[in-house]
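The values are calculated or read from the model by the stated rules, or taken from the named source; none is laboratory data. Since the model is a prediction, treat every value here as computed from it, not as a measurement. Positions of Cβ are generated from backbone atoms using ideal geometry, with glycine treated the same way; all protein chains shown enter the neighbour counts. For accessibility, only protein heavy atoms count, side chains too; no ligands or nucleic acids. Shrake-Rupley method; radii C 1.70, N 1.55, O 1.52, S 1.80 Å.
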There are 4 protein chains.
Amino acid sequence: MPSEPRFTFGLWTVGNPGRDPFGDPTRAPLDPADSVRKLAELGAWGVSLHDNDLIPWGSSADEEERIVARFETALQETGLGVGMATTNLFGHPAFKDGAFTSNDRGVRRAAIGKAMRAIDLGGRLDAEVFVFWGGREGTEVGTAKDPRDALERYREAINVLSDYVVEHGYDLPFALEPKPNEPRGDIFLPTVGHALHFISTLDRPERVGVNPEVAHETMAGLSFAHGVGQALWAGKLFHIDLNSQRIGRYDQDFRFGAEDLKELFLLVRLLERAGYGGPRHFDAHSYRGEDAEGVWDFARGCMRTYLALAERARAFDELPEVKAALDAASTPELAQPSTNGAGEADALKAEAAADRLDALAVRGYGNEALDQLVVEVLLGVRGR
Amino acid sequence: MPSEPRFTFGLWTVGNPGRDPFGDPTRAPLDPADSVRKLAELGAWGVSLHDNDLIPWGSSADEEERIVARFETALQETGLGVGMATTNLFGHPAFKDGAFTSNDRGVRRAAIGKAMRAIDLGGRLDAEVFVFWGGREGTEVGTAKDPRDALERYREAINVLSDYVVEHGYDLPFALEPKPNEPRGDIFLPTVGHALHFISTLDRPERVGVNPEVAHETMAGLSFAHGVGQALWAGKLFHIDLNSQRIGRYDQDFRFGAEDLKELFLLVRLLERAGYGGPRHFDAHSYRGEDAEGVWDFARGCMRTYLALAERARAFDELPEVKAALDAASTPELAQPSTNGAGEADALKAEAAADRLDALAVRGYGNEALDQLVVEVLLGVRGR
Amino acid sequence: MPSEPRFTFGLWTVGNPGRDPFGDPTRAPLDPADSVRKLAELGAWGVSLHDNDLIPWGSSADEEERIVARFETALQETGLGVGMATTNLFGHPAFKDGAFTSNDRGVRRAAIGKAMRAIDLGGRLDAEVFVFWGGREGTEVGTAKDPRDALERYREAINVLSDYVVEHGYDLPFALEPKPNEPRGDIFLPTVGHALHFISTLDRPERVGVNPEVAHETMAGLSFAHGVGQALWAGKLFHIDLNSQRIGRYDQDFRFGAEDLKELFLLVRLLERAGYGGPRHFDAHSYRGEDAEGVWDFARGCMRTYLALAERARAFDELPEVKAALDAASTPELAQPSTNGAGEADALKAEAAADRLDALAVRGYGNEALDQLVVEVLLGVRGR
Amino acid sequence: MPSEPRFTFGLWTVGNPGRDPFGDPTRAPLDPADSVRKLAELGAWGVSLHDNDLIPWGSSADEEERIVARFETALQETGLGVGMATTNLFGHPAFKDGAFTSNDRGVRRAAIGKAMRAIDLGGRLDAEVFVFWGGREGTEVGTAKDPRDALERYREAINVLSDYVVEHGYDLPFALEPKPNEPRGDIFLPTVGHALHFISTLDRPERVGVNPEVAHETMAGLSFAHGVGQALWAGKLFHIDLNSQRIGRYDQDFRFGAEDLKELFLLVRLLERAGYGGPRHFDAHSYRGEDAEGVWDFARGCMRTYLALAERARAFDELPEVKAALDAASTPELAQPSTNGAGEADALKAEAAADRLDALAVRGYGNEALDQLVVEVLLGVRGR
């Protein structure tokens, strides 16, 4: 880790009141400016926000100005930055059939307009990136939307909004946040892969990347480290949402580190080795049974566990037995090109002969030993 | 459906001997030429094959020639075509750490060479498409492979093989077949989305598409119709593997129609409406408890169910009450652009005002009624 | 089906306002008496209710009396019955750590007291059964509750409440409703099997059965027909919750028939063949995008699909080719005892000789043909 | 941990040759006596075995005697014990439709006879427990077996075999091993809960317990610690199978500790606190890419990780801040009865008054702080 990681929290994360599909809120709402101050005290670098986390629905222009100015003051006083801004296109009943992909053209237009307003806000607050989570872009009833039409409308919206950013001179790249399901039965752009492909079809692909979330890829049982790896490989990791989740369940958004420490170790190691420079953004919330103090236990825990995993990753990579195990697994050899340029076809075919394959099958790859080192470093049996 | 669908079966599907991780084979192997004759009798259009389905490992050049010639004779006698050819880069122990992404450079070279040989075979047999299923390209132990290196090697291999096809003048597009896991803990290019994105990074992206498989996307709980929709939208549906699967389980490869009739109805309707012209390829096998006759019950069932679903899809789209329900859901409206061109930003922002959103929230989308029509058409309560 | 099935709906199902974890309500609340009248009009047999579906939190004794009396009038006017009553031990923040298994003894006592009040209400309304859904009985943090302590407290609560019912002379059997997770990370008694076992440990096991729900078992990917089969086999199917769900997702509670028609066909066939006499209870709700009319489309759809599946099940069992396929699969032979009484050990061991096993392995079980008949009956290709 | 845990390995685990559904073996078979000697050298307490791990199918009585005697010699020489014995009722094609629940009565009889022979072997080898894993007891095609008939046959078989054990004076309790699916589409007795209930219906329930396996419960996404907790609560944990698995995937049987360290920490802590005295049995195998040496890396890793987790569990429970956090969560209070005996109904109802509930809702449960302590102990940040 070249320098201290910059930790950010969404206003909606520490502000989560504990409501769920089966129960009422268990905590009082937090004032955004108070959240800023408390997060500063805990050592966070910044915050992120939906438009409506800050500005209640239906606020007048005057109210909005007063609210934003007060928020800016809190940021200035604390020195906190805005890691990302986004727009809530899922909470209001108008978006019940989708936002950019609602079957109702009026809704689609309103969604684009609302995103423009939120971009203005993000620009004003010097947000580093603007995220789109299309939580309502999907179906329960497959016949209701031709997926090709839906993707075409999705593309139109992102293209129009990219133009808007360019025309207004905002330095505000976009990051698309995939999710497979919930709150819709099936959401369009369900994984990092689908979003990366979609970006390649845009008018301004260079301005758009992804915002992968641990919980979202994990819901589908996909390897988060592989998904983030593909985004990094493509130069498209523009932001990241950190939390924890068990596979095949409702969107849990648990404290970073609450589940699957080995997968998170792989993630942190990958981010640090790749020199990812964006904020480490926690999109999670405390358990519903926590009181106000438990919320800050939650926030502290997210950051402490990230730092502990980063430290363990460094310790792992410094161990001589790890270097030996990586060599035994031929891990560095994967970075070498397989071929030597054109004109090799006959040579390559010859190397595929049955006896050559049999000879190549003899060796082992030492992955048990290598993975046991990961476990022992994680448990502090080694490298401590 | 403009014309009769062309049904194909892999040699390995009807030839599956019923071995599984916990049990020995229950059926005798089938001779490929006999499979061709029996499939012709049942009304299939063609077959598909891995190199080693036809040519046993370690055959001499003479044996290979004799085997292929005999197979060509069977094709000519029956009039069957070859829907696709592929190469087995997963069965031999040499590929235990991967093929194109093995950490061992020698294995990677052998894998490319073996694919070249299989491309030669596919070209000779006039296969329509050449499929790559990277079943061993993955990890159980995340530290053993940097995913960025693995993707780079994967890209190199497909680029080299694309060059090979062009240099040799084969009319043989490639189709990548994604799968999330099994036999590896996590497989690279786990979903249709990841594969579509990967294709966009290739030297010759126009020559490469995807081969989605019902079972593979379903293992991860993703909507198959949405995934195929994204591939069609991108012009990248080059082949398709049809079977059935329950979510979150081992790779079942059940008879097409054995699970989730509504999702398969959506799929067949989408394929037929999109005018997909490739083979309807069954990559499935009969239950292990079947005897030789049961294998052909299985094959007949796959085709009968496809035809029945295609008929139900036509009946659905012809019903006046369905047209009305689609209108009530504003389904056709999704095909209309949301915006009217540049210069609309102020208008769009105005349409996002709180009272405008409240007004847009009043209407319903009639999806319960629409989906109930799907169910009733499927169950033959309507449209029969 | 010996007679017309009795359909019931929870007040909370048609009354669901469309709120979800990411969005606000999309529909106005319904008055319980209006729901009763509308359900009667649609042909339902009865309703079910939580205490708080009818009586708002914090109502005075006078208000409660007035509300209940008005509800009784609506029942009398329409002739509708109360299929089941239950108590809401999940919505109030007091139950955030559990109800019968909260770590706080005061909460546990309040939960038992609240259940007693709800039993009084259920008794007054002549409910057929009283259901316990322990939605908050679980953990996110495993160290917070020893599972043995939690089960002991759960048992204590059900024992105390069973005594209460007996002492007060209510004719009100209990039914426990299992669920694997959501809203808790892991819920105690996660499946039908765990609940059946728990019942066997109670003081009055004969008074307690299970209330399996399609969605809940399906979330864990278990066969619902097998789970209901085990409950029927044990004489413990006291109630049933019908809806639809995809595996490995948030609790969807979709319209009965919206997903997995084959599994529901198996379920309906089993219920009808077993002569299950209780209500067919729909615990589901309409999609969030529906308006008031869509809610009734949803309710109609649930009942229509049940009837259609029951008709298909009858048609299936009447087809001569089905009888032949069941015989080919030796299905009736499974009802015969395997052994002939004591003293057979030597004979049985002899039948396990290797050559005898080889001979037994020759036959096939014809399951492909049998299952294809299911598909073709479902799709109306046969038996219509 | 009162004393050293006794570690056992199945002969089939270290002897796994690396075959999988898509690939050929990668390792040579091991001689059982050699496995015994190597495991003794590594510090294992004992082994477990299927009849056919030791005695090849179709061995003559003489061959069998010679093989068993040679194996006994290896046990005597090394001092290793036999933790459990079981019978393979899944590998031979005769069992393709099931064993105790095959539709073919002849197969069912052969299965019972084969189990009797294996019980004789288990008795001779002084096995501590006899396990039944009914891997083939299930369906892909629901109509092929009425689940009630299947459970009745299953019960008959276990009853007959229990009688056999008693008649022959074997000191050999039974343990049923549940699994949700694979190799069958759906397996009967899919979870610990279903098996515990089934046991309660047997003629000799006191002689039968469960053998839960980490991978099997985890495939269905259930909490393993909760499942084991219910078995311990019921006095039915007769054996345990340790390995690792990701949720919603094929049966992985990874090295103990390869996945989900926190869940395994909960498991080990529970086993040690409960004083479980049986063997810690590893039912896992090394990755297919390992050579012969990697197999022993795998075996060493299983034991080392168990010991490390047991040490971490002790360290956790000794930390003063953990004791404080458990108190803050009221964890010890869950062990106290909720009620004070009969005659409390009015008091309990009064405690359920709305204002009392509101007062009970104020407190938090401190689970974030408690779980963060688990994470920090696991990562060695604390208690080391």
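In chain C, if the dipole is taken from +1 on Lys/Arg beta carbons and -1 on Asp/Glu beta carbons about the Cα centre, which of C:F298, C:G10, C:G138 is farthest to the positive end?
Of the options given, the answer is C:G138.
Could you work out the mean count of beta carbons from other protein chains within 10 Å of each residue's beta carbon in B:321-330?
3
What average number of partner chain Cβ atoms lie no more than 10 Å from the Cβ of the residues making up A:179-185?
Across the residues of A:179-185, the mean count of other-chain Cβ atoms within 10 Å is 6.
Just round it to a whole percent: the fraction of Cα-Cα distances in region D:21-74 exceeding 12 Å.
71
Could you work out [θ]222 nm for chain D from helices alone, using -39500 (n - 2.57) per DSSP H run of at least four and dividing by all its residues? Round to the nearest 500 deg cm²/dmol.
-14500 deg cm²/dmol
For chain C, just run the numbers: alpha carbon Rg, then divide by 2.2 N^0.38 Å, N being how many residues it has.
1.09
Whole angstrom only: what separates the Cα centroid of region C:242-321 from the Cα centroid of region B:225-257?
26
To the nearest 10 degrees, how steeply does helix D:367-378 sit against the main Cα axis of chain D, on a 0 to 90 scale?
Between helix and principal axis, roughly 40 degrees.
How large, in Å, is region D:216-275 by the Kirkwood hydrodynamic radius built from its alpha-carbon pairs?
11.9
In nm, what does the list of distances from D:E63 to its counterparts in the other copies look like, shortest first, when each label sits 7 Å along Cα to Cβ?
2.8, 8.2, 8.6
How high is the relative contact order of chain D, in percent, counting Cα pairs under 8 Å that sit 6 or more residues apart?
With pairs under 8 Å counted, the relative contact order is 14 percent.
Residues of region B:97-125 losing 50 Å² or more of accessible area relative to the isolated chain, 1.4 Å probe, heavy atoms only?
B:N103, B:D104, B:R105, B:R109, B:A110, B:R117
Once you have the Kirkwood Rh of region C:147-242 from its Cα pairs, apply Stokes-Einstein at 25 °C and 0.890 mPa s and quote D in µm²/s.
179
Translational diffusion coefficient of region C:64-203 at 25 °C, 0.890 mPa s, Stokes-Einstein with Kirkwood Rh over Cα pairs, in µm²/s as a whole number.
155
Percent antiparallel among DSSP beta bridges with both residues in region B:1-95, to the nearest 5?
Percentage antiparallel, nearest 5: 10.
Give me the dipole magnitude in Debye, nearest 20, for region C:304-374 about the Cα centre, with unit charges on the beta carbon: positive for Lys and Arg, negative for Asp and Glu.
I would put it at about 280 debye.
What share of the DSSP beta bridges in the protein assembly as shown is antiparallel, in percent to the nearest 5?
Of the beta bridges lying entirely in the protein assembly as shown, close to 15 percent run antiparallel.
Restricting to chain D, compute how many DSSP beta bridges are antiparallel as a %, nearest 5.
15
At 1.4 Å probe radius, can you tell me the per residue accessible area of region C:1-118 in Å²?
Each residue of region C:1-118 exposes 35 Å² on average to a 1.4 Å probe.
Compute the separation of the alpha-carbon centres of region C:119-177 and region A:31-89 and state it in Å as a whole number.
Using only Cα atoms, the two centres lie 45 Å from each other.
How crowded by other chains is C:196-204, given as the mean number of beta carbons from other chains within 10 Å of each beta carbon?
Averaged over the peptide's residues, the number is 5.
Compute the separation of the alpha-carbon centres of region B:369-384 and region D:356-384 and state it in Å as a whole number.
What the calculation gives is 52 Å, centre to centre.
Work out the charge dipole of chain D with +1 on the Cβ of Lys and Arg and -1 on the Cβ of Asp and Glu about the Cα centre, then indicate which of D:V36, D:A325, D:N52 is farthest towards its positive end.
D:N52
Based on Cβ point charges of +1 for Lys and Arg and -1 for Asp and Glu, what charge dipole magnitude is obtained for the protein assembly as shown about its Cα centre, in debye rounded to the nearest 20?
With only Lys, Arg, Asp and Glu charged at Cβ, the dipole is about 0 debye.
If you count, for each residue, the other Cβ atoms within 10 Å and average over each peptide, how do A:262-272, C:273-283 line up from highest to lowest?
A:262-272, C:273-283
How big a patch of accessible area, both sides summed and in Å² to the nearest 100, lies buried between D and A at a 1.4 Å probe?
3600
Taking only Cα atoms, what is the 0 to 90° angle, nearest 10, from helix C:32-42's long axis to the longest principal axis of chain C?
Helix C:32-42 sits at roughly 40 degrees to that axis.
At 1.4 Å probe size, with every protein chain present, just tell me what the per residue accessible area of region C:266-384 comes to in Å².
For region C:266-384, the solvent-accessible area averages 36 Å² per residue.
Pop out the carbon and sulfur fraction of the accessible area of the protein assembly as shown as a percent, whole number, probe 1.4 Å.
Roughly 50 percent, rounded to a whole number.
Per residue, how big is the convex hull of the protein assembly as shown when only Cα atoms are used? Give it in Å³.
Hull volume over Cα atoms, normalised by residue count, gives 168 Å³.
At each listed q (0.12, 0.15, 0.16, 0.23 Å⁻¹), what is the log10 of I(q)/I(0) that the Debye formula gives for region A:296-384 modelled as equal alpha-carbon point scatterers?
Rounded to two decimals, the profile gives -0.60, -0.76, -0.80, -1.13.
Using the C-alpha gyration tensor of region A:81-140, what are the square roots of 5 times its eigenvalues, in whole angstrom, with the largest one first?
23, 12, 7
Please give the per residue volume of the convex hull enclosing the alpha carbon atoms of region C:51-115, rounded to a whole number of Å³.
Hull volume over Cα atoms, normalised by residue count, gives 85 Å³.
Might you work out the accessible area of A:I67 for me, using a 1.4 Å probe with all protein chains in place, and round it to the nearest 10 Å²?
Solvent-accessible area, nearest 10 Å²: 50 Å².
Past the 29 Å Cα-Cα mark, which pairs from A:K236/C:K179; A:K262/B:K262; A:K179/C:K236; C:K145/D:K236?
Too far apart for the 29 Å limit: A:K236/C:K179; A:K262/B:K262; A:K179/C:K236.
Given +1 on the Cβ of Lys and Arg, -1 on the Cβ of Asp and Glu, and no further charges, what dipole in debye does chain D carry about its Cα centre, rounded to the nearest 20?
Once rounded to the nearest 20, the dipole reads 140 debye.
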